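Values quoted throughout were computed directly from the atomic coordinates according to the rules given, and no laboratory measurement underlies them. What you see is a predicted model; the values in this text were computed from it and never measured. Don't worry about glycine lacking a Cβ; one is built from the backbone with ideal geometry, like all the others, and counts go over all protein chains shown.
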Amino acid sequence: MSSSTWSKWRVVLLLLIMMLGGTAGYVYAEARPPQYQATASVIVGELFLGAPTEDSIKASAALAASYSDLVRREPVLGRVAENQRLGDWRKLQDEVFARPSDKNPLLIQIQVTGSSPIAAQRLAEGLAERLIQLTSTTSDTFGQKFARRELTRLESEMSRTETRIDLAYARRDVATSITVVQRIDAAVAALRDTMKGLQEDRLLLLQMSGASAGDVTIMEEAYARPSPYRPDQLALTVAGIVVGMMLGLGLFHFIDVGRRNREFTRGLRPGLDGIGMPPPPPDPWVMSRPVREPVRPERAKQ
């Protein structure tokens, strides 16, 4: 076969191998069972309960990280798997993914995969509802109830202290004696120290009570994509085409190397063996030994 003819056939064969690779990838994608993805979002904290404080935001962010891990554990995933009859919850952990959002640390994104869009959506809805149920029933502990009662008492005492400070300033404005003014200033300073201590105690009790930091609310209802999440037919088909192209190019490279070796061997001068190497020289030890002639029968009789 001439070089020009082989070049044309090589292009045709390469296209055929690439088509076979792409077909293999598409068939493999069709043979695998489809997997559908559903997402749901819940938010942790008092975002919708007015202006949240800095401490409550920090507490909510810390709880969001804990709740994200809780979604894949037995109290949440195990109960949902039992209610929906999905089998062992440990086998579902690889199909459930939950983490706080990068842009909003209070937002938990829940992603699940299932054999159908309806199954994936039901699983995502169950996880979000179970998380809300679990956090709402476990957040009202005895310590938090005590903290809320103390918060009410502290807020009343802070209100009375502010009233006393206002009255002291009103007395200072009408005072005529320097001694009375100094006494009022000393009393106001003491009241301000008391107010500062009450505010610190209030912040501590806010952290203990959670101040709605642990409240979980559904941000986005569960939604399932109508198209399969896995397998990706386009990606597998393209991968098959690329693998076929690489195999074809490798095969043609070895064929070209063999052709060049055969052409080089045909052009060698006579006397060389078929692989292009000269024959080995004779063994000098064998050549140095004397050659004994065979004994003829006539000489043996003499």
Practice task
Compute the distance in nm between two label points, each set 7 Å from the Cα along the Cα-to-Cβ direction, one at Glu129 and one at Val12.
Solution key: 6.4 nm
Handout entry: Linear extension gain, Ala175 paired with Thr161, 0.36 nm per residue minus alpha-carbon span
Key = 3.0 nm
Problem - Karplus 3J(HN,Hα) series, Hz, for region 219-234 with 6.51 cos²θ - 1.76 cosθ + 1.60 (x for Gly, Pro) - result: 8, 10, 5, 4, 9, 10, 6, x, 8, x, 7, 9, x, 8, 4, 5
